[in-house]
Every structure is written in C-alpha cells, then in structure tokens.
Amino acid sequence: MSVRTPPSGDDELTAVPDVFDPRQYASGVPHDRYRLLRDRHPVAWQDEPQVLDWPAGPGFWAVTRHADVVRVLRDSGSYSSHLGATQIRDPDPDDLPFIRRMMLNQDPPEHGRLRRLVSRAFTPGRLERFESLARDRARTLLAAALDRARAGDGTCDLVTDVTDDYALLNLSDLLGVPEADRGLLLHWTQRVIGYQDPDEAGELILDADGKPVNPRSPAMLRDMFGYAQDLAAHKRRAPTDDIMTTLATEPELTAPELEMFFFLLTVAGNDTVRSAAPGGLLALMEHPDEYRRLREGDAPIATAVDELLRHHPPVLTFRRTATRDTQLAGSTIRAGDKVVVFHASANHDERVFTDPHRLDLSRTPNPHVSFGEGPHVCLGAHFARLQLRVLYEEFRTVWSAPADLAGTPRRLVSNFINGLKSVPVQVPKA
C-alpha cells in the first residue's frame, strides 16, 4: 500500500479534517467537515488511530460527494463488500471467512442468490397486513407517552418512551419472535451496533491477549445463533405468517445462512428504524414550520418520509475494499485499499440538493442514499418506509401541536450508526 499524505500547508482550508473518530459524532454529524471534504478533498485519505481501546487500522479513503458514493456502491466489481466486509474496522483475519457468510458482506453473483431467497419473506401482502398493527402500536405508544408526561412533569423521552419500543416490537412481530424473547433483540442490537458507545455496549470483553473481542466475531454471536436455530425449529413445528417461518422452511437455505440472516434482520432491521424514527421526529420539532405543513396536509407524507431520511440517514458509513487499482475523483486508489462512503455527506451535497441543510418536506426529486444504492440497496427499505410513514402520520394526529425540546438530545458514539439515545421533550399542553 502506498503512503498517503494530506496536502501541505497550514491553511485550515487545505487540511484534511478527521471524520473517523466516533467520539465526534456524539456532538452531531460533522457537516462542516463533510462540506470541506466535498469541496476540496472529495476522496480523502483518513488515518485510523487507536480510539476507545480499539486498535489502530491502516487507514481508508473517505468518499463524500454524492456522485462518487453512488459510483462506489454500484460498482461491486471495483469496490468489493466481500474482500474486507463492510465495517471500517478490519475484522480479525480468523473471523473474516465467518463474517463473509452474511449477504451484506458478499458480492454478485453469490449476493444475488441469497437476496432472492430472503426477498421471498418480504412479500407486499405480508407488509400491508402489518400496517394496521404498526399504526395501532404507534398511536398507543405516542398517546401513553403524552399521558404520562402530562400526569408528571410535562416531559417525556421520545427514544425511550416511543421509538425504541416501536422499532423493536414491529421487528419482533415481523420475524415471529415470541413476546417473552423480544428483549433479546434489543440486547443483541446494542451489543453489535453500539460497540463504540459505553452506554450501549457496556464493558469491553477482552481476549486472552488483552485485545477487545469484535462483537461480530463467532464467539460473541454464539448465543444469537443458538437462539436462531431454536426459533427456526419451533417455526417448522408450528409455522405462522412471519419471516422466520419463511426462512426456516426454505430448502435452499443452509443452517449457517439462516443464522446469518437472523443476525442481519435482527440488527439491521431493528436499528434502521430505531435510528431513523427519533431523528425524523427531532427534525420535525426543530422545524416547526415544516411540521405545521405536515399536520395541515400541505406536505405529502411520502415525500416527507424521504426528506426526513435524507436529513437524518440511519447509517453514516459503509466500507468497501478496492479490487484493483483505480481512480476516483482524481485520487489513485490501490487494490486492497479500504474505501468508505459517507451517506450523510452525500445526502447534503450541494451539487445534487438545493439548499441541502434546509428541511423541505415537499422536496422532489430526492435521490438520497440513506438506503444505499446498487446491488446492496436495503432489502427492507419498503418495510422501513412503512413504519416511518405510519409513525409520522400518528405523531401529527396525537401530538397536534409542536413540542419543545426539554434538554439536549444525546447521540450515539458511533461513526457507523446515526443514532439517538435520548430526545427529551416538553409535550404540548392538553
């Protein structure tokens, strides 16, 4: 791998800002740094120092313009999901063959085979039947939070009182997880997704050499995989209308592939909505004029959902690995280099979106990349949009007036998930 150096000079306009350190995301998405990268260093080398007890890495290319992000995500021949998987941190070499079993970490044509198998579970009929259940749940959670707040100090937390349960219970129903086991899904999601945040991951687990154990390693996923096999066996004995029944009775799916699908659906299926929902609600409260348009029907709900996803994408980054020497936005990328796309930056690229930091619930066209692009576009995007649409529709009905923040929202320490841990609000008066 060749040596990369940032541009010379002390001028802050020529220096390449760091967008790797996950701690900075606890203060907000660094849009000022993203813009500097888009304008002056659209494909910029980033160092990967030791952070939060996780070891240093070799560094990577940060891709921040919309056109370049789309190019990388569409070109799996040049930018592989399989070679080094899809997280910025390099997995342990011994774990890599295991991690590559997941559909997310495969390239065509293998990726296509698995995607076709699991897509049979996401039937339009199943999702449409699910809508009334999600609507009842959204209405109940929002009304209960409102009632508790008005009976108390007038405040509630949209994350802990509404959106965490909303995402978790919806996913549990779709998968067919028994009610008594639903807490396991949240536990596994926090462990795998929130590993950079002490509030989510808890105390680090160290190996015999004193190094942190990757939460995606076989050792850390053994309990989840054991549960997946037990649940699949139960579904074969007592099939119901849910995704795990479809997967458990799919003859072309091997046992390891089923385990990996359960892992992917549990973690990605939960955290996509778990991150997007509070981000969208927070944006509505921070933009009362746009929220008023939504309540009064002046902003179509479908375009509003996509604008809120553009404004607050659930995923910040995904990694690819270059399969060959190539050029991207004037930078020479060598075979084996890590290439990381930045979704929130692409979604705020002035070359594509007029006045990108303005929330416009009627924005169209809106080619955001919050659900990815190319062969790996999010398989559950329709399911996620359905949940978000229902939640926002019920929010504008149950919360008939804008709410004010009752404190500073707390964000996840992560350079991967655009998460919110707390959104305290002062509820509207009755």
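The values are calculated or read from the model by the stated rules, or taken from the named source; none is laboratory data. In this text the structure is predicted, and so the values were computed from the model without any measurement. Backbone-built Cβ (ideal geometry, glycine too); neighbour counts: all protein chains shown. Accessible surface is based on the protein model in full, side chains and every heavy atom, while ligands, DNA and RNA are left aside. Shrake-Rupley method; radii C 1.70, N 1.55, O 1.52, S 1.80 Å.
What's the FRET efficiency of His382 with Thr14 using the Cβ-Cβ distance as r and R₀ = 35 Å, to the nearest 0.05? Taking R0 as 35 Å, the efficiency between His382 and Thr14 is 0.20.
Averaging Cα coordinates gives a centre for the stretch 322-390 and one for the stretch 36-74; these two points are 14 Å apart.
Which order, highest average first, do 159-171, 47-59, 186-198 follow once you tally other Cβ atoms within 10 Å for each residue and take the mean per peptide?
Numbers: 159-171: 22.6, 47-59: 14.2, 186-198: 20.8.
The densest-packed peptide leads the list: 159-171, 186-198, 47-59.
The local environment of Thr140, defined by Cβ-Cβ distances under 11 Å, has a net charge of -1 under the rule Lys, Arg +1 and Asp, Glu -1. With bins 10 Å wide beginning at 0, the percent of Cα pairs of the stretch 308-430 falling in each bin runs 10, 30, 37, 16, 6, 2, 0. Charge dipole (Cα centre; +1 on Lys/Arg Cβ, -1 on Asp/Glu Cβ; no other charges) of the chain amounts to roughly 940 debye.
Contour minus end-to-end for Arg113 and Ala302, with contour as 0.36 nm per residue of separation and end-to-end as the Cα-Cα distance? Before the final figure, lay out each step's value.
On the way: separation 189, 0.36 × 189 = 68.04 nm, distance 3.08 nm.
Working it through step by step, the gained length comes to 65.0 nm.
Partners of Lys211 within straight-line reach, counting lysines whose Cα lies under 23 Å from its Cα and excluding those fewer than 8 residues away in the same chain: Lys338.
Starting with the highest mean, order 374-386, 117-129 by the number of other Cβ atoms within 10 Å, averaged over the residues of each peptide. Working shown, then result.
On the way: 374-386: 18.8, 117-129: 14.0.
Descending mean neighbour count gives 374-386, 117-129.
With Cα atoms as the point set, the radius of gyration and Dmax of the stretch 312-373 evaluate to 14.2, 42 Å. Suppose R0 equals 51 Å. What FRET efficiency, 1/(1 + (r/R0)^6) with r the Cβ-Cβ distance, do Ala430 and Asp94 give to the nearest 0.05? Efficiency at R0 = 51 Å is approximately 0.30.
In terms of the mean number of neighbouring beta-carbon atoms within 10 Å, the peptides 327-336, 404-413 order highest first as 404-413, 327-336.
Computed with a 1.4 Å probe over protein heavy atoms only, the accessible surface of the chain comes to 41 Å² per residue.
Among the GluC sites (Glu not before Pro) in the stretch 239-268, which ones are in a DSSP loop with at most 10 other Cβ atoms within 10 Å of the Cβ? Mind listing them?
Working: sites: Glu252, Glu257, Glu259; in loops: Glu252.
Hits after loop and neighbour filter: Glu252.
Using the Karplus relation 6.51 cos²θ - 1.76 cosθ + 1.60 with θ = phi - 60°, the per-residue 3J(HN,Hα) values for the stretch 113-128 come to 4, 5, 5, 5, 5, 6, 5, 5, 7, 8, 6, x, x, 5, 5, 5 Hz, with x marking Gly and Pro. Quickly estimate the mean residue ellipticity at 222 nm for the chain, helices only: each DSSP H run with n ≥ 4 gives -39500 (n - 2.57), and the total goes over all residues, rounded to 500. It lands at -13500 deg cm²/dmol. Calculated FRET efficiency, Arg358 to Ala56, Cβ-Cβ distance, R0 = 35 Å: about 0.35 to the nearest 0.05. Size descriptor for the stretch 220-331, Kirkwood hydrodynamic radius: 17.9 Å (Cα pairs only, one decimal).
For the stretch 77-115, backbone nitrogen atoms closer than 13 Å to the point 7 Å from Thr254 Cα along Cα-to-C-beta are found at 97-103, 114.
Calculated on the Cα set of the chain, radius of gyration then Dmax: 21.4, 68 Å.
In the chain, the portion of solvent-accessible area held by carbon and sulfur atoms comes to 51 percent [1.4 Å probe, whole percent, DNA, RNA and ligands not counted]. Net charge dipole, the stretch 99-182: roughly 600 debye, given to the nearest 20, about the Cα centre with Cβ charges of +1 for Lys and Arg and -1 for Asp and Glu. A straight Cα-to-Cα reach below 29 Å connects Lys429 with the lysines Lys421, residues fewer than 8 places away in its own chain not being considered. Think of the stretch 209-322 as a dipole: +1 on every Lys or Arg Cβ, -1 on every Asp or Glu Cβ, centred on the Cα centre; then among Met220, Pro256, Thr317, Met220 lies furthest on the positive end. Every Cα-Cα pair of the stretch 60-125 was included, and the share exceeding 18 Å stands at 48 percent. Dipole size of the stretch 329-399 about its Cα centre, with +1 on Lys/Arg Cβ and -1 on Asp/Glu Cβ: approximately 100 debye, rounded to the nearest 20. Annotation: extensible slack from Arg23 through Arg74 equals 15.4 nm (criterion: 0.36 nm per residue apart, minus Cα-Cα distance). Coordinate range of the alpha-carbon atoms in the stretch 1-151 per principal axis, descending: 59, 49, 34 Å.
If you look at the Cα atoms of the stretch 225-269, you get an Rg and a Dmax of 9.6, 27 Å.
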